[in-house]
Each structure stands twice: as structure tokens, then as C-alpha cells.
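Readers should treat all values here as calculations from the given coordinates under stated rules, not as data from a laboratory. What you see is a predicted model, and the numbers here were worked out from it, not measured in a lab. Positions of Cβ are generated from backbone atoms using ideal geometry, with glycine treated the same way; all protein chains shown enter the neighbour counts.
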Amino acid sequence: MPEQIDILDLGKKILNLIERYNPNEAEVYLNYKRYTNVTIKSGEFSEASSTSDLGFGVRVIIGKKLGFAYSNKIDDETIEAVIKNAISAAKASKDDEKWKSLPLPKEDSKVEDLYDPNIANLSSEKIVEMAGEAYNSMKNVDHRVIPIWGGASSIVSHNAILNTHGIEKFDKHTVVFVGLATIAKDGDKVTPYTSEFEIDRKLNVNPKRVGEEVAKRSIELLKGVKAETGEYDVILAQDALISLWNFTFLESVKADFVQSGRSHFADKIGEVIASDKLSVLDDGTYPAGIRSSHFDDEGVPSQKKYIIEKGVLKTFLYDNYTAKIEDRESTGNGIRSQAAVGTMETYMLLPKPEVTNIVIEPGKISKDDLIAEIKNGFLVWDVQGAHSSNPESGEVSVVATPCFKIENGEITGAVYGMMLSGNMYEMMKKVKDIANNVRKSETFIAPWVSFSNIKMISK
Amino acid sequence: MIDILEKGLDYAKEIGVQFADLRGEKRQTTLIDTRNGNVESVNQGIEGGVAIRVLADGMWGFASISKIDYATLRDAIDSAFRMAKVASKMKMQPVELAEVKPVDDKVKIKPDIDPRDVSIEEKIGILMTLNDKLYEFDDVKSCIISYADIVAAQYYFNTDGTRIEQDKIYVWSRISATARKGDIVATAREEVGSNRGFKIWKIRTPESVAELMGKRLMNQLKAKAPKGGAFPAVLGPEVVGVFTHEAFGHLAEADLAVSGAVTLSKIGQKIASDVVTIADDGTIEGGFGSYKYDDEGVPAQKTILVNKGYITSLLYDREHAMKLKRILEKMAPSLIDTFNLKPTGNARAENIRVSPIIRMRNTYIEPGDSSFEELLEGIKFGYYLKAFRGGQANLNGTFQVGIQEAYEIVNGEIGEPVRNASISGNTLETLLKVDAVGKDFELSVGRCGKGQTAFIGDGGPHIRVKEILIGGT
């Protein structure tokens, strides 16, 4: 699919064709994506791929009925069929009494570093080279380290969004990724797996660091130590905290969850819900943030807002639909990412309230000082089983892995199979300290955070 | 489509690939989401494209396109070829493919009822009936339903000479409901699915699904928490299915086995008690994971993974059948003649944007000869675990399965209902503790996630386990 296709022009053509049917409102979303990827699997380079896709989704509103249809075939006959499908879907649907309207046009947010021509023009040779550098750096640290998955990739994505209220927007994005997940094997001993990656909007990733870091950690995981059940000071590294938050706190601040009456925080705006050390933003404008954009997936300008400011709950995350139910403005969180079944492309999906970049304001101390502050506790790198958490109550019960024991301010070894159990909404009140080692992932820009009195259960 | 694919294969041979395959697809999808009686979305999709896989210099290259014409296809073949060549410099062990006999076949499905012939109004009506019937039970607080139907025409052509056209139909729904009474929250989940057409809704009527789920919720509201600890247990077919799939099936996938799953060191050995025979079967009539050919053109078949306690095969695609053979040549040459190393037809791709990987089909324990009463007999105190709520397993062989419907067993009789139980343990240890297998058999509908989503079936008879770790949540 040539990148020269002007998807905004194509969008205008489709919107014009829809208007002949006189729906009350209509919207066209288009996405072009080129994905180049080198995969490492089961210890080996396994596949190199280059895929491209262009598709569009049409939302029409007839009275208070909504219909949606999509395709990745771009020809006159299919476009006509998709429009008819959207209209027939709307006609067959039931009235949505809460429906007010699609978004009205507003000026875009100014956001830096969303597109880097160096990524768009990255050769497949260079991507293979990046994965190779990560792999070789890993092997140079220690031959006992084996990659389970990983690789390097680049994504170039073009979005356009148009609606009958005059929204007409176009944006280009790039993303580059390099990462490895590894185990270490020594005789019969096999460590739990651990991963390291870098992801950015600019060609600014360091494969060598990724390979060395993950290898060193895998080797550290070979040294097992015992631990007792009890309450401890616990540091949650970024992967652990975002996993737990995704299935608890962040679910509970999405407006659709709040409006369905299930959120623990429903009536707590303006109240203290966390330690005053904790400030959390959802920032769709963060420079070079992976989920940053000039506008969200329904054309609303991206925004930066505190969810928690110094422990106080400030706002929920709204898309256009949930915002209008409360007669307020969308917070720019209308994102096309939630598929009911299987893997679906953005153009196949309707926007729903979803996080952009979750940012934790960093503290002043280094990660080593954060560890040094702990007399008896754990550093939890990641967790397994977070999806079994209860977003309504905040209860979590997960396996902490990888997990390191901290004694007198120093890491003494790895602990296997330790469970972390408790209530996330109580834990958030027990923040001990926040480090300054900010790291960026797909939805999370944050440092390590330590918590007091966390229940850890040894097997 | 056919002409373009033929020309594409000619071109691939011309530029000197070792092997290439092309998967063309045209697909129509209808998706409906409802929440508490409101229709949240009605979505109709039309998709198409071609997946291109090329083997060059021992490395896989892949590309996919949504515009189906020869010029676009040729460019994509070039791109996949170049990707493979570039990456092959990093390849340590070149990919080899196990031989399979080329196939020329057209698989036409005559749907019992074509979902495209059913109006959206009627589909919404069924979901609304289910919703309304469920709300007739007291204390039901939410009901979320996702419905999907997919009709696809698929083409698989490769440079070995295989030419397959194959239709696929899926009608699927997931229903999640919660009930609340005071502080007690009960949840129930159910899936309905068929790969033959829309008639499934006449068999599993919305009324009967609502009845099943409503009763399950009501039972849980009055249920008590389980005692934690190791107890004898009888597992119902649904729980046997998810245990067999999650705890054992994934370990038997050859790609995971070579990544370090515990099965690799157990090949040919006894890993379960004598009464346990486990199969992964792509040929069961009506099984949600059944199909005639996989996405490498290999015929689906019944693969016995464990025969009377002994592990006899893993699940393979063409690459991993060969890879495992090479490993056994070094590790245990004596097993090469007895252990199955032929491709089993388990290569499946979710769509044309990805390459096929090893996936299960219908995975189950074979029925034995005990009646349900015989299984309960002699259990002084234990648990009957009837329906599951989710499960997961690790490569090291540990598993955890959440249970949404369970009962105490007291002196060989079914007793009071139990809420929020879970079972966990080591898969192989648990398989060795199975001491009786029922003569009944049931297969359920499910989905499996492994980076890609696949529709699968799983099940078995009732089985008895001497001892299993029961936990609350």
C-alpha cells in the first residue's frame, strides 16, 4: 500500500458519499499502518516481516441509533457496501437515549516529537541490526542467558478523522521498539523470565543497553534466597505497577466504568485517595510519549490532566460519549483499542475511554537510594496474574516475578514464587517514596515507587 | 484470487525462494455488544488480503497486503524475500520443514443456517431475550454480551503444490453476568459457539443459557467459602477441558517445548496415571476447534498426546516437527521411531496479518469406564468442581484454574455449593493423581490467547483426582 495515498482526501470522499444518505451525523476514521519487525523466539531469530494495512471505519447516527462498519478494501464498490452496512446496522439497533452528538471541531493540541522521518525511512537491514546488537550484547554478558522472545520493530502510522460537524484532521506517527525477554539456564536450574525494552517516537533507542540489562538481571535471578511470609516495604518497578494498575485503579477511573456504577472512586472527586507523595497524570501531549497525539481517535484535542494530584482525585477519563452524558467536555481519551474478540485493528473499533500516557511525577532520589532506604523488603520487577484482580474492590493477588529480596538496603538475591496480596486502593495510601528513574513504556512513563506494609506470601 | 496467487507463486520460484506459501482470505464479520439491555454497538466488517510467507537462506520472511492484485502481491513477495535474506545473517540453525504430501482440495461448508441470512434485528433479539431472562433472577446486577459471526473464504497455496480452498464459519458469543446480595458478589461466564452456523441458538436457546447462568449465580450467592488445603476432587467435563488445555496442552505445543517447557525432558516417559489418555483432535464433528486443513495445508487429525499415561506426541507445525526431530537425534535417538514427529496439522493463523503458529484444536481426556456415582464413592470429604472461570499455566508446569461452580462432596454424595474456589498445583503431579475416569463426555467452546486468538474446543469426561490443592480467592 503506497504511503503516498492521501487518506484525508479519501476520508473526504467517503464522508461525501455518506452524506447522500442524509444520516443525522456521520464520522469516518482511517488508519494506514506499516509495520516492520524482526522476531526472536525460542532462542533464535525466527521471522522478519513487513506488513501494511489501510482501513476505514464509518460511524453513522440515525435518530438516536448508532451503526458502525469497516473495511480494508479501498474500492468504490466496497466503500458503498460499508456505508450501507453502517446504515443497516444503525437502523437495526435500538435507540440510545444517552446519545447527544459526535464531537465538534476544536483546535489541536501542540505536541512535540510524534513523527521522526529517521524511523519512517529505517531500512529492514537497520532493524535487523538493532535486534542483532541487543542479542549479541546479551550473549556477551553471559552465555547462560537465552532469549524467549524479543526483537526490533518500527511502526509508521497515519490517522485521519472526519465528521459531519466539520472535524477534518490528519496526523502521522512513528514508533521504534527493541526488546528481549530472557531466562538463564545453569545445569538443571532455570530462572523465571524477565524482560527489558526501549520504545520511542524518535530513533533514540539503545539495543546494547537492552541486551546487557536483561542479561545481567537474568544472571542475578540464578541466585535464589528464601523469604518468609509477612508485611514488608516493597518497591514496585514500572512493569509491576502498571500491570496492577491496569486491572484496578486505571479501570476504575475510566468514565464508562464509573457511569456503570462499578467504580470504587465514583463519588470521590476532590477527596484524598492516595498518599500526598503521589501525583499521577494522564498526558496525551507528553513529548514523544508512545500514546501521545495531536488529537484522540474521535478528533478531540489531546490533553494533559492530573488524575491524582498530591493524593487528591482530580478527574476521570472521558471520551466524547461519556463526557456528554455528564454535560462536560471529553478529556481526549476516546481511543480505539478495546476488541471484544481477538485482535482487531483500530479502524475496526469504536472509541472508548482509555488511558493515553500514564505519568507518575518522579521523586528526587535515585533508585539505589530507594533500595538503600529499605531495611527488610522486596523489589518486585513484574507480576503474573494481574488480570485476576478485582477492579471494583481493588483486591489483588499476584505472583511477584522477578522478585528480589532487600536486606539492610541491599539486594541479596532472587525469591521465586512469592505472592503479593492485598488491596491496591489501600496500598496507594501507603506510598513510602518515589525514585527519579523514569522509564517510558507503551502507556506508562514512571519511576520506581516504594510502598510500606505490603503483604508478601512465601509458598 | 486464484490466478493472482498462482502468478505470485511462479514469481516466488523465479526469484529463488526455498519455499513460499500464500494465504488469501475474504471475510465478513458482524459484531454486536450489549450491556445491561442496551445495544452498545452493531458493527459490520468486510476484509480481505493475502499473507505471504517466504523461506530464503533458512530464514522466514513475511509480508501481508490488503489490496489484492498481482503488482501489489509481487512487491510484497520481494519484500518478504528481502526481509528473510537480511535477517538470515543472524540465523544460527536454518529452518527446515518436515515433508508433507501436497493436497488439492476444495472444502465447502454448507452452513446449517448462514448467519448472513439472519437479520441484525433477530440477532439483537436473541441477545435481548437472554439478557431479560437473566434479569428475571433476583439480585442480577449486570449482563454483558459480546456476539460475533465470521464467514471467511480462505485460500492456501504453496510451492510444494498444495492448493486448498476452504470455507470457515464461526458463530460465537460470550455472556458475563454478576449478581450481588449484600456484600456477596457472584459472577458467571458462559460461551456459546459453533463452526457450522447460526442454528446453535436453536440448540442453546437464549432461555436455556440464561437459566443455566441464573441458577449458577443464585447458587453462588448462598454458597460458602471452601476450606483451603489438599482434598480429593471430582472435576466436571468443563473443568477437565480447561485443565487439559491450559495446564497440559500448552506444554505439549512444540514451540513452547523447545522454549523450555517441562515436557521436553519427559518425551516418551510416563507423565500421567494409567487411566489418562489425552488427545488434541481437529476432526471432531461440531467441535469448535475443528477444521479440515490447517494454515500450512496439513490435514487436521486426531493426535494422541498421552496414551495410558505415556507421552506419545507433541503438537507441531512443519518447522517444529523437524526441529524436534533434530533435537531428539542428539538427545534421545532411540525415541525417534516410536515418538510421533510428523506434522500434526496444528498451524493456525488468526488472520492474514500474522504467520501461523502452533495452536490447539479440541483438547480432551478420553472417557473411561466409571459412572459418576462410582467417582463420588469413597470420598469422605472433597469437592465437585463443575464450571471454571479462567485459568493459566506456566512453562515450568504449574497451573491455576478459577472455579465458578463447585460443591462439597460429603460421604460420597454431592453437598452444599461452594463459592470462589480455585485449584492449583503442578500439572504432571496432578495427572499422576488421576485415579478414575468417567464414561461420559462433553466438549465446550472456548478461545485461546497466545499472542493471537484462536477458537478452540476442550472437554472430557468427569474425572477423579486423589488430591488437589483447593484455594479460595
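How high is the relative contact order of chain A? Use alpha-carbon pairs under 8 Å, at least six apart in sequence, and give a whole percent.
Result for chain A is 15 percent.
Based on the Cβ-Cβ distance of residue B:15 and residue B:108, what FRET efficiency does E = 1/(1 + (r/R0)^6) give at R0 = 30 Å, to the nearest 0.05? Please list the in-between numbers first.
Working: r = 34 Å, r/R0 = 1.12.
After rounding to 0.05, the efficiency reads 0.35.
In chain B, with Lys and Arg counted as +1 and Asp and Glu as -1 at Cβ, which of these residues, B:243, B:148, B:102, has the Cα nearest the positive end of the dipole, that is, farthest along it?
Going by the Cα projections, it comes out as B:243.
Estimate the FRET efficiency between residue A:262 and residue B:225 by the formula 1/(1 + (r/R0)^6), using the beta-carbon distance for r and 30 Å for R0, to the nearest 0.05.
Efficiency for this residue pair is about 0.85.
Please turn the phi angles of segment A:346-352 into ³J(HN,Hα) values with the Karplus equation 6.51 cos²θ - 1.76 cosθ + 1.60 (θ = phi - 60°), one per residue in order, whole Hz, x for glycine and proline.
Per-residue couplings from phi come out as 4, 6, 8, 10, 8, x, 9 Hz.
When a/c reaches 1.5 or more, the comparison of a/b and b/c decides; with that in mind, is chain B rounded, prolate or oblate per its Cα gyration tensor?
Oblate, because a/c is 1.5 or more while a/b does not exceed b/c.
Relative contact order of segment A:330-459: what whole-number percent is it, with Cα pairs under 8 angstrom and at least 6 residues apart?
Once normalised by length, the contact order is 24 percent.
How big is Rg to Rh over segment A:34-144, alpha-carbon atoms, Rh as the Kirkwood inverse-mean-distance radius? Please list the in-between numbers first.
On the way: Rg = 22.9 Å, Rh = 19.0 Å.
Result for segment A:34-144 is an Rg/Rh of 1.20.
Taking the Cα atoms only, what angle lies between the long axis of helix A:207-220 and the longest principal axis of chain A, rounded to 10 degrees?
Its long axis makes an angle of about 40 degrees.
Please work out how much length the chain gains when fully extended from residue B:301 to residue B:101, using 0.36 nm per residue of separation minus the C-alpha to C-alpha distance, in nm with one decimal.
Difference between extended and current length: 70.6 nm.
Can you compute the modelled spin-label distance between residue A:110 and residue B:202, with each label point 7 Å from Cα toward Cβ, in nm?
Between residue A:110 and residue B:202, the simple spin-label model gives 6.6 nm.
If one puts a single equal scatterer on every Cα of segment B:260-347 and applies the Debye formula without solvent, what log₁₀ I(q)/I(0) results at q = 0.10, 0.21 Å⁻¹?
-0.26, -1.04
Can you give the helix-only mean residue ellipticity at 222 nm for chain A, where every DSSP H stretch with n ≥ 4 adds -39500 (n - 2.57) and the sum goes over all residues, rounded to the nearest 500 deg cm²/dmol?
About -6000 deg cm²/dmol.
Using 0.36 nm times the number of residues separating residue B:75 and residue B:26, minus their current alpha carbon distance, what extension gain do you get?
That pair, residue B:75 and residue B:26, stretches by 15.6 nm at full extension.
Mind checking the log10 I(q)/I(0) for chain A at q = 0.06, 0.08 Å⁻¹? Debye, one equal scatterer per Cα, no solvent, two decimals.
Here log10 of I(q) over I(0) equals -0.29, -0.52.
Rg and Dmax in Å for segment B:159-204, alpha carbons only: what are they?
Radius of gyration, then largest Cα-Cα span, for segment B:159-204: 19.2, 65 Å.
Kindly identify segment B:63-155 as rounded, prolate or oblate by the Cα gyration tensor criterion: order the square roots of the eigenvalues as a ≥ b ≥ c, call it rounded if a/c is under 1.5, otherwise compare a/b with b/c, prolate if a/b is larger, else oblate. Can you show the working numbers first?
Values: a/c = 2.81, a/b = 2.22, b/c = 1.27.
Cα axes put segment B:63-155 in the prolate bin.
Where does the Debye-calculated log10 I(q)/I(0) of segment B:414-467 sit at q = 0.17, 0.30 Å⁻¹, using only Cα point scatterers of equal weight, no solvent?
-0.88, -1.06
For the residue pair residue A:310 and residue B:410, what label-to-label distance in nm results when each label sits 7 Å from Cα along the Cα-to-beta-carbon direction?
Going by the 7 Å Cα→Cβ label model, 5.9 nm.
Give a quick list of trypsin sites (Lys or Arg not before Pro) in segment B:292-384 that DSSP marks as loop, anything other than H, G, I, E or B, with at most 16 other Cβ atoms within 10 Å. Intermediate values should be presented prior to the final figure.
Working: sites: B:292, B:302, B:308, B:318, B:323, B:325, B:326, B:330, B:348, B:353, B:359, B:361, B:380; in loops: B:292, B:308, B:353, B:359, B:361, B:380.
Those satisfying the criteria are B:308, B:380.
Wrap a convex hull around the Cα atoms of segment B:217-309, take a quarter of its surface area, and give that in square nanometres. Don't skip to the answer; put the middle values down first.
Numbers: hull surface 37.6 nm².
Hull-based average projected area comes out at 9.4 nm².
I need two numbers for segment B:252-408: Rg to one decimal and Dmax as a whole number, Cα atoms only, in Å.
Just the Cα atoms of segment B:252-408 yield Rg and Dmax of 17.5, 54 Å.
Dividing the alpha-carbon radius of gyration of segment A:280-377 by 2.2 N^0.38 Å (N being the number of residues), what value is obtained?
The value comes to 1.34.
Could I have the simple spin-label model distance between residue B:138 and residue A:19, label points 7 Å from Cα toward Cβ, reported in nm to one decimal?
Here the answer is 5.8 nm between the modelled labels.
Using a ≥ b ≥ c from the Cα gyration tensor of segment B:164-271 (square roots of the eigenvalues), is it rounded, prolate or oblate, where a/c under 1.5 gives rounded and otherwise the larger of a/b and b/c decides, a/b for prolate?
oblate
Return the calculated 222 nm mean residue ellipticity for chain B, to the nearest 500 deg cm²/dmol, obtained by summing -39500 (n - 2.57) across DSSP H runs with n ≥ 4 and dividing by the residue count.
Using -39500 (n - 2.57) per qualifying helix, the result is -6500 deg cm²/dmol.
How large are Rg and Dmax for segment A:93-161 when only the alpha carbon atoms are used, in Å?
22.0, 63
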